Amino acid sequence: MNKLATLLFTCASLMSIAQDWSTDVYKYGEEYPGYVIMSSGDKVEGYIKYKDRYTMQNDVELYTEKGNKKTKQKFSTGDLTEYKVADKLYHCIHYSGGLLKKPIKANLVVTEGCITEYVWYDRSENYMTMQRGSSESEEDFMKRMYPPKSVYLKNGDEDPKTLDYFALKFASKMSEWISDDAVLSKKVADKEDGYGMLKILEIIAEYNENCKN
(Lines give C-alpha, C1' and ligand atoms only; values in the text may rest on other atoms or scores of the structure.)
Protein backbone atom coordinates (compact mmCIF):
# COMPACT_ATOMS: atom_id res chain seq x y z
CA MET A 1 0.00 0.00 0.00
CA ASN A 2 1.53 3.35 -1.05
CA LYS A 3 1.59 6.44 1.13
CA LEU A 4 -1.51 8.03 -0.41
CA ALA A 5 -3.55 4.82 -0.10
CA THR A 6 -2.46 4.43 3.54
CA LEU A 7 -3.44 8.01 4.29
CA LEU A 8 -6.80 7.68 2.52
CA PHE A 9 -7.59 4.57 4.56
CA THR A 10 -6.63 6.31 7.81
CA CYS A 11 -8.69 9.40 7.02
CA ALA A 12 -11.73 7.33 6.04
CA SER A 13 -11.51 5.45 9.34
CA LEU A 14 -11.26 8.67 11.35
CA MET A 15 -14.17 10.26 9.47
CA SER A 16 -16.40 7.28 10.16
CA ILE A 17 -15.67 7.74 13.87
CA ALA A 18 -16.23 11.51 13.77
CA GLN A 19 -19.51 11.35 11.85
CA ASP A 20 -22.22 8.98 13.07
CA TRP A 21 -24.59 7.98 10.26
CA SER A 22 -26.01 4.85 11.87
CA THR A 23 -29.73 4.53 11.15
CA ASP A 24 -30.52 3.58 14.75
CA VAL A 25 -29.49 7.13 15.71
CA TYR A 26 -31.05 9.15 12.86
CA LYS A 27 -33.79 8.06 10.49
CA TYR A 28 -33.93 9.02 6.82
CA GLY A 29 -36.99 11.14 6.06
CA GLU A 30 -37.34 12.42 9.63
CA GLU A 31 -37.05 16.12 10.43
CA TYR A 32 -34.45 17.25 12.95
CA PRO A 33 -33.69 20.67 14.46
CA GLY A 34 -31.41 22.78 12.31
CA TYR A 35 -30.85 26.06 10.51
CA VAL A 36 -29.60 27.57 7.27
CA ILE A 37 -27.52 30.72 6.82
CA MET A 38 -28.15 32.53 3.55
CA SER A 39 -25.46 34.19 1.46
CA SER A 40 -26.93 37.48 2.71
CA GLY A 41 -26.16 36.44 6.29
CA ASP A 42 -29.80 35.86 7.23
CA LYS A 43 -30.41 32.81 9.42
CA VAL A 44 -33.54 30.66 9.19
CA GLU A 45 -34.15 28.12 11.95
CA GLY A 46 -36.46 25.15 11.78
CA TYR A 47 -36.40 21.43 11.06
CA ILE A 48 -34.42 19.87 8.23
CA LYS A 49 -35.30 16.58 6.59
CA TYR A 50 -32.59 13.98 7.10
CA LYS A 51 -31.44 12.25 3.91
CA ASP A 52 -28.60 9.99 2.83
CA ARG A 53 -25.09 11.36 3.10
CA TYR A 54 -24.79 12.15 -0.63
CA THR A 55 -28.16 13.88 -1.01
CA MET A 56 -27.63 15.95 2.15
CA GLN A 57 -24.81 17.76 0.32
CA ASN A 58 -26.97 18.85 -2.59
CA ASP A 59 -30.32 20.09 -1.35
CA VAL A 60 -31.84 21.34 1.87
CA GLU A 61 -35.49 20.92 2.80
CA LEU A 62 -36.39 23.04 5.83
CA TYR A 63 -39.70 23.24 7.70
CA THR A 64 -40.30 26.17 10.04
CA GLU A 65 -42.92 23.99 11.76
CA LYS A 66 -42.09 20.32 12.21
CA GLY A 67 -44.33 18.09 10.10
CA ASN A 68 -46.16 21.02 8.50
CA LYS A 69 -45.67 20.72 4.73
CA LYS A 70 -47.07 24.21 4.23
CA THR A 71 -43.98 25.63 5.94
CA LYS A 72 -41.50 23.75 3.72
CA GLN A 73 -38.73 25.75 2.07
CA LYS A 74 -36.18 24.30 -0.36
CA PHE A 75 -32.74 25.86 -0.58
CA SER A 76 -29.97 25.52 -3.14
CA THR A 77 -26.51 25.11 -1.63
CA GLY A 78 -25.33 27.87 -3.96
CA ASP A 79 -27.52 30.32 -2.03
CA LEU A 80 -26.20 29.27 1.39
CA THR A 81 -22.98 29.62 3.35
CA GLU A 82 -23.78 27.13 6.11
CA TYR A 83 -26.45 24.86 7.50
CA LYS A 84 -26.85 22.36 10.29
CA VAL A 85 -29.13 19.36 10.79
CA ALA A 86 -29.01 17.42 14.06
CA ASP A 87 -25.28 17.01 14.88
CA LYS A 88 -24.03 17.64 11.35
CA LEU A 89 -22.64 21.03 10.30
CA TYR A 90 -22.17 21.82 6.62
CA HIS A 91 -20.25 24.66 4.97
CA CYS A 92 -21.06 25.58 1.38
CA ILE A 93 -17.75 25.79 -0.47
CA HIS A 94 -16.35 25.38 -3.99
CA TYR A 95 -16.04 21.61 -3.86
CA SER A 96 -18.32 18.95 -5.30
CA GLY A 97 -16.17 15.92 -5.93
CA GLY A 98 -13.66 17.51 -8.28
CA LEU A 99 -15.89 19.01 -11.00
CA LEU A 100 -13.99 21.52 -13.13
CA LYS A 101 -16.67 24.21 -12.81
CA LYS A 102 -16.38 24.01 -9.01
CA PRO A 103 -20.00 24.77 -8.07
CA ILE A 104 -20.79 25.64 -4.47
CA LYS A 105 -21.88 22.52 -2.62
CA ALA A 106 -22.21 21.53 1.02
CA ASN A 107 -19.29 19.73 2.64
CA LEU A 108 -19.65 18.14 6.05
CA VAL A 109 -17.38 19.67 8.71
CA VAL A 110 -15.09 17.20 10.47
CA THR A 111 -12.80 19.65 12.30
CA GLU A 112 -13.03 23.45 12.25
CA GLY A 113 -9.91 25.59 12.38
CA CYS A 114 -7.72 27.95 10.38
CA ILE A 115 -7.58 24.93 8.11
CA THR A 116 -10.99 23.25 8.24
CA GLU A 117 -11.27 19.57 7.43
CA TYR A 118 -14.37 18.40 5.59
CA VAL A 119 -15.66 15.18 4.16
CA TRP A 120 -17.32 14.97 0.76
CA TYR A 121 -19.29 11.84 -0.10
CA ASP A 122 -19.21 10.60 -3.67
CA ARG A 123 -21.83 8.15 -4.91
CA SER A 124 -20.86 4.83 -6.48
CA GLU A 125 -21.98 4.37 -10.07
CA ASN A 126 -23.88 1.19 -9.18
CA TYR A 127 -25.24 2.43 -5.85
CA MET A 128 -28.82 1.53 -6.76
CA THR A 129 -28.01 -2.16 -7.21
CA MET A 130 -25.39 -2.62 -4.49
CA GLN A 131 -25.99 -5.37 -1.95
CA ARG A 132 -24.77 -5.41 1.63
CA GLY A 133 -22.50 -8.36 2.39
CA SER A 134 -23.66 -10.92 4.94
CA SER A 135 -20.83 -10.03 7.34
CA GLU A 136 -20.51 -6.37 6.32
CA SER A 137 -21.30 -3.65 8.84
CA GLU A 138 -23.77 -0.92 7.94
CA GLU A 139 -21.00 1.69 7.96
CA ASP A 140 -18.66 -0.36 5.74
CA PHE A 141 -21.51 -0.86 3.28
CA MET A 142 -22.29 2.86 3.28
CA LYS A 143 -18.61 3.67 2.66
CA ARG A 144 -18.72 1.47 -0.43
CA MET A 145 -21.93 3.13 -1.58
CA TYR A 146 -20.82 6.67 -0.71
CA PRO A 147 -16.99 6.75 -0.74
CA PRO A 148 -15.71 9.55 1.53
CA LYS A 149 -13.09 12.06 0.45
CA SER A 150 -11.13 14.38 2.76
CA VAL A 151 -11.24 18.06 1.78
CA TYR A 152 -9.26 20.90 3.37
CA LEU A 153 -9.83 24.65 3.14
CA LYS A 154 -7.49 27.26 4.62
CA ASN A 155 -8.90 30.58 5.81
CA GLY A 156 -8.73 33.15 3.03
CA ASP A 157 -8.60 30.54 0.26
CA GLU A 158 -11.39 29.74 -2.19
CA ASP A 159 -9.77 26.63 -3.63
CA PRO A 160 -10.10 23.58 -1.32
CA LYS A 161 -7.38 20.93 -1.34
CA THR A 162 -7.74 17.14 -1.36
CA LEU A 163 -5.17 14.55 -0.37
CA ASP A 164 -4.36 13.62 -3.95
CA TYR A 165 -3.24 17.22 -4.54
CA PHE A 166 -0.34 16.58 -2.15
CA ALA A 167 0.52 13.10 -3.47
CA LEU A 168 3.40 14.37 -5.64
CA LYS A 169 5.99 16.83 -4.32
CA PHE A 170 4.37 16.86 -0.88
CA ALA A 171 7.09 18.86 0.85
CA SER A 172 7.03 21.59 -1.79
CA LYS A 173 3.26 21.90 -2.03
CA MET A 174 2.51 21.67 1.69
CA SER A 175 5.27 24.08 2.73
CA GLU A 176 4.00 26.62 0.22
CA TRP A 177 0.37 26.15 1.34
CA ILE A 178 1.23 26.85 4.98
CA SER A 179 3.96 29.40 4.25
CA ASP A 180 2.37 31.98 6.55
CA ASP A 181 3.60 29.77 9.41
CA ALA A 182 7.30 30.14 8.62
CA VAL A 183 8.60 27.72 11.28
CA LEU A 184 6.21 24.91 10.42
CA SER A 185 6.63 25.50 6.69
CA LYS A 186 10.41 25.09 7.02
CA LYS A 187 10.05 21.81 8.93
CA VAL A 188 7.95 20.43 6.08
CA ALA A 189 10.22 21.83 3.36
CA ASP A 190 13.30 20.36 5.08
CA LYS A 191 11.52 16.99 5.36
CA GLU A 192 12.12 16.79 9.09
CA ASP A 193 11.17 13.52 10.74
CA GLY A 194 7.43 13.52 11.51
CA TYR A 195 6.59 16.11 8.86
CA GLY A 196 6.02 13.90 5.82
CA MET A 197 2.82 13.12 3.95
CA LEU A 198 1.70 10.40 6.34
CA LYS A 199 1.67 13.06 9.06
CA ILE A 200 -0.48 15.53 7.15
CA LEU A 201 -3.24 15.45 9.79
CA GLU A 202 -0.71 16.20 12.52
CA ILE A 203 0.79 19.02 10.40
CA ILE A 204 -2.65 20.57 9.93
CA ALA A 205 -3.38 20.20 13.66
CA GLU A 206 -0.08 21.96 14.48
CA TYR A 207 -0.86 24.72 11.99
CA ASN A 208 -4.29 25.22 13.57
CA GLU A 209 -2.82 25.30 17.06
CA ASN A 210 -0.14 27.83 16.05
CA CYS A 211 -2.61 30.13 14.30
CA LYS A 212 -4.60 30.53 17.53
CA ASN A 213 -1.61 32.05 19.30
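The values are calculated or read from the model by the stated rules, or taken from the named source; none is laboratory data. All figures in this text were calculated on a predicted structure; none of them were measured in a lab. Here Cβ is always computed from backbone atoms with ideal geometry, including for glycine, and neighbour counts include all displayed protein chains.
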So how many residues does segment 141-158 have that are exposed (fewer than 13 other Cβ atoms within 10 Å of the Cβ) and not small (Gly, Ala, Ser)?
2
Could you list, in sequence order, the residues of segment 124-144 that are more than 16 Å from the chain's Cα centre (by Cα) and closer than 13 Å to ASP20 by Cα?
GLU138, GLU139, ASP140
Considering only residues that are in contact with a helix residue (DSSP H, G or I) (Cβ under 7 Å, 6 or more places away or on another chain) and in a strand (DSSP E or B), look in segment 121-151 and name the one that is nearest to SER179 (Cα to Cα).
SER150
Might you let me know whether segment 122-135 holds any residue that is touching a strand residue (DSSP E or B) at 6+ places or on another chain (Cβ under 9 Å) and crowded, with 20+ Cβ neighbours inside 10 Å?
no
Residues satisfying the stated conditions in segment 136-185, i.e. touching a residue at least 24 places away in the same chain (Cβ under 8 Å), under 23 Å from CYS92 (Cα atoms) and among the small types (Gly, Ala, Ser):
SER150
Test of understanding: among TYR152, TYR146, which residue is under 30 Å from ARG53 (Cα atoms) and touching a Phe, Trp or Tyr at 6+ places or on another chain (Cβ under 6 Å)?
TYR146
In segment 81-120, anything over 28 Å from ASP180 (Cβ atoms) and crowded, with 20+ Cβ neighbours inside 10 Å is listed as TYR83, VAL85, LYS88
Do we find that SER175 is out of contact with any strand residue (DSSP E or B) (no Cβ under 8 Å at 6 or more places or on another chain), surrounded by 12 or more Cβ atoms within 10 Å (Cβ to Cβ), small (Gly, Ala, Ser) and modelled with pLDDT of 95 or more in this structure?
yes
Among the residues that make up segment 66-75, is at least one of them charged (D, E, K, R), touching a helix residue (DSSP H, G or I) at 6+ places or on another chain (Cβ under 6 Å) and free of Cβ contacts under 8 Å to residues at least 24 places away in the same chain?
no
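Only strands (runs of 3 or more DSSP E) wholly contained in segment 18-104 count here; list those with 1 or more residues that are acidic (Asp, Glu) and at pLDDT 90 or above. Break it down stepwise before answering.
Working: elements: 31-38, 43-49, 59-63, 72-76, 80-85, 88-93.
Qualifying strands (runs of 3 or more DSSP E): 31-38, 43-49, 59-63, 80-85.
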Run down TYR121, TYR83 and say which single residue is of a type in the set (Ser, Thr, Tyr), under 25 Å from THR23 (Cα atoms) and touching a residue at least 60 places away in the same chain (Cβ under 8 Å).
TYR121
